[in-house]
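One structure, pasted below without further comment.
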Amino acid sequence: MPYLLISTQIRLEAGPTMVGDENSDPHLMSILGATKRSMLGNNFCEYYVNDAPRVVLDKLESLGYRVVSMTGVGQTLVWCLHRE
């Protein structure tokens, strides 16, 4: 999967960071140390790490991912990354 979205809520900018959905590459999620969980009321799972977004971005850069865009959506920060 060449594209990846990561996000965190503004009040949680020190972590945790959401790094993937239930269909994300399990090997990549393992490298990031992510665990899959479902939030109360959601009918889907997401992968989270306890690291701050900056730490996750550094790890992903070392794996060949580059930030394509970043935005704020309400109280959430979202980064879109791509790997060649």
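The values are calculated or read from the model by the stated rules, or taken from the named source; none is laboratory data. Everything numeric in this text was worked out from a predicted model, so none of it was measured. For neighbour counting, all protein chains shown are included, and Cβ atoms are generated from backbone atoms with ideal geometry for every residue, glycine included. Remember, those area values only see protein heavy atoms, side chains included, never the ligands or the DNA or RNA. Shrake-Rupley method; radii C 1.70, N 1.55, O 1.52, S 1.80 Å.
With the requirement that a residue be open to solvent by less than 70 Å² (accessible area, probe 1.4 Å) and within 16 Å of residue 15 (Cα to Cα), what does the stretch 73-84 give you?
Within the stretch 73-84, 76, 77, 78, 79 qualify.
Which pairs do you get when a residue that is over 16 Å from residue 14 (Cα atoms), found in the stretch 35-62, comes within reach of a residue that is among the polar types (S, T, N, Q) and open to solvent by 60 Å² or more (accessible area, probe 1.4 Å), reach meaning Cβ atoms under 7 angstrom, with the pair 6+ apart or on two chains?
Close Cβ pairs satisfying both conditions: 44/38; 45/38; 47/35.
A further question follows. Looking only at residues that are open to solvent by 70 Å² or more (accessible area, probe 1.4 Å) and part of a strand (DSSP E or B) in the stretch 28-70, which one is farthest from residue 3 (Cα to Cα)?
37
Filter the stretch 63-78 down to residues that are at pLDDT below 95 and of a type in the set (Ser, Thr, Tyr) and give me whichever is nearest to the chain's Cα centre (by Cα).
76
Could you tell me whether any residue of the stretch 10-18 is acidic (Asp, Glu), surrounded by 12 or more Cβ atoms within 10 Å (Cβ to Cβ) and either within 11 Å of the chain's Cα centre (by Cα) or modelled with pLDDT of 95 or more (or both)?
no
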